[in-house]
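Here the structure is laid out as structure tokens; the discussion comes afterwards.
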Amino acid sequence: MSETVNEKYALQLRKVTKAFGSKVIANKDVDLDVRYGEVLAILGENGSGKTTLMNMIAGIYHPDSGEIYVNGEKASINSPKDAFRYRIGMVHQHFKLVDLFTATENIILGINDGTKYNLAKAEEEVKKISEKYGFILNPQKKIYEMSVSEKQTVEIIKVLYRGADILILDEPTAVLTPQETEKLFDVIRNMRNDGKSILIITHKLHEVLAISDRVTVLRKGEHIATVNTAQTSENELTEMMVGKRVSLNIGRSDPKDAQDRLVVSGINLTSPDGVKVLKDISFTAKSGEILGIAGIAGSGQRELLEAIAGLRTLDSGNILYIKPSDSEKVELRSKTPLQIRELGVRLSFVPEDRLGMGLVGNMDIIDNMMLRSYKKGKSVFVDRQPPKQLAEEIINSLEVVTPSAQTPVRRLSGGNVQKVLVGREIASAPSVLMVAYPVRGLDINSSYTIYNLLNKQKENGVAVIYVGEDLDVLLELCDRILVLCSGTVSGVLDGRTAKKEEIGLLMTKVNGVSENE
């Protein structure tokens, strides 16, 4: 770490501090140096201050104290517009695009340079940027017609179009296939070779080692170390992140006494706007095993779990639940979510949108625990003691960073919200546990805690259905992997023998034909 400020560095932070209220110190006296033409990975547990630090560089937050220097000169960044003036651009994890506009229209949206919009000229500039760095993009394509990787491409070109030399990428590979990730990495290398400085927030350590030149580790809002990527390892980085040695092995046990628990046969589902989202889906989930579901975003994973949970009405097909007690077969398709639960069928569902449909943001952690058990009350008065005990157990076992169990959920970081949701669902003791992206946004230590919890459920005889986006995890955690592509099953693989590239190809194929062919 350089102690002095000079123009040898594209970006430097000195003693940057940011607090929210009197209790939450997001960053404390952080020093950071970013070189010209390098990829710097930013690592840290949930709540370690990574995103807050990047938001200060991008002008979304303003430091309480400390200084930011760009090209050796002190910078005053009070808004994203100021950041662009210093040639800094941030690509957020959740895209900020207008669906009905084309790629070019989104890229030039908001630019006010005193001249009239010239779409033809802008399209030519977009093509030049694409060719220079290796992007594949149709400038005239509308956003709603695009894949996730295409939308991400639009976001990156948007900041390059505005002249950014320092790019911040927040979880850029979160929803990409391995093939799309490799294409993105090629583009990042091309930008680095052109002198761009790129900061990447990511939780995937193998990707950090593959793409970055150096790694900065934050812990509890403080800068712990910056190391050369070539001279470190996953275990060393994890130890720096959490302050202790952590095992990075998912202990997958063999299924024991596996029995059919959920039999899905030929189900079809059409969305309210007439799009066929599930087409003739069939599979069996067994007790004592983890069935993984892989697929690029929007392949029908969410709709499939919602249909099983009784949240969507199918066009056709059957969903049979086989009771563990007496092997009685129950058809779930005609049941409401409440009837499904009253039958003793515990379909615990951790949705993608955790605050949208999983938890109530304005309610505290205890009240969110009560959402599962309120109907069991015997009087008009609510007994808050059991949910309070459950909340405290979850906070302790999953190391939820929160001032107290009475803290409103919306005040927690995204990763800690996810821990509360996953903990509540697992605590409901289901016989079928469905989890969608349970570790999205979680740091490596918390992720392995969740994987271990899922393995315990499996060993207790629960049929676990796991929807995930990290193929390495799917291969390590799951006994079988069902691959979805455009709402159809393109393959079912053995988790112990399948290859990542094999899954990646199935994710982009329909009836054996690649979408890219």
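Bear in mind these aren't lab numbers, they're just calculated from the coordinates by the rules spelled out. Because the structure is predicted, anything quoted here is derived from the model rather than measured. Every residue, glycine among them, receives a Cβ derived from its backbone with ideal geometry; neighbour counts consider all protein chains shown.
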Summing -39500 (n - 2.57) over every DSSP H run of at least 4 residues in the chain and dividing by its residue count gives a helix-only mean residue ellipticity at 222 nm, to the nearest 500 deg cm²/dmol, of -9000 deg cm²/dmol
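Mind putting a number on the dipole of the chain about its Cα centre? Charges go on the C-beta only, +1 for Lys and Arg and -1 for Asp and Glu, and I need it in Debye to the nearest 20.
Dipole magnitude for the chain comes out near 1100 debye.
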Among His62, Ala26, Asn138, the residue whose Cα sits farthest towards the positive end of the charge dipole of the stretch 9-242, when +1 is placed on the Cβ of each Lys and Arg and -1 on the Cβ of each Asp and Glu, is His62
So the angle from the long Cα axis of helix 385-397 to the longest Cα principal axis of the chain, reported in degrees to the nearest 10, equals 50
Stretched fully, the stretch from Gln389 through Tyr117 gains (0.36 nm per residue minus C-alpha distance, one decimal, in nm) 92.0 nm
Whole-Å distance linking the alpha carbon centroid of the stretch 223-238 with that of the stretch 167-187 is 21
Length gained if Leu100 through Arg35 is fully extended, taking 0.36 nm per residue and subtracting the Cα-Cα distance, is 19.6 nm
Taking only the Cα positions of the chain, the convex hull volume per residue in Å³ is 166
Checked against a 22 Å limit on the C-alpha separation, the offending pairs among Lys419/Lys456; Lys279/Lys509; Lys204/Lys499; Lys335/Lys388; Lys151/Lys509; Lys50/Lys96 are Lys335/Lys388
Rounded to one decimal in nm, the spacing of the 7 Å Cα→Cβ label points at Asp82 and Glu222 is 2.8
The size of the Cβ-based charge dipole (Lys, Arg +1; Asp, Glu -1) of the stretch 9-242 about the Cα centre, to the nearest 20 debye, is 560
The aspartates and glutamates whose Cα lies under 16 Å from the Cα of Lys500, excluding any fewer than 8 residues away in the same chain, are Glu180, Glu182, Glu207, Glu469, Asp470, Asp472, Glu476, Asp479
Along the dipole axis of the chain (charges at Cβ: +1 for Lys and Arg, -1 for Asp and Glu; origin at the Cα centre), the most positive-end residue among Val330, Ser271, Gly44 is Val330
With Cα coordinates, the longest principal axis of the chain makes an angle with the long axis of helix 444-459, in degrees rounded to 10, of 10
Whole-Hz Karplus couplings 3J(HN,Hα) for the stretch 81-93, θ = phi - 60° and coefficients 6.51, -1.76, 1.60, Gly and Pro as x, run 5, 4, 4, 5, 4, 8, 6, 10, x, 10, 9, 7, 5
The farthest towards the positive end of the charge dipole of the chain, of the residues Thr238, Ile201, Leu442, given +1 on Cβ of Lys and Arg and -1 on Cβ of Asp and Glu, is Leu442
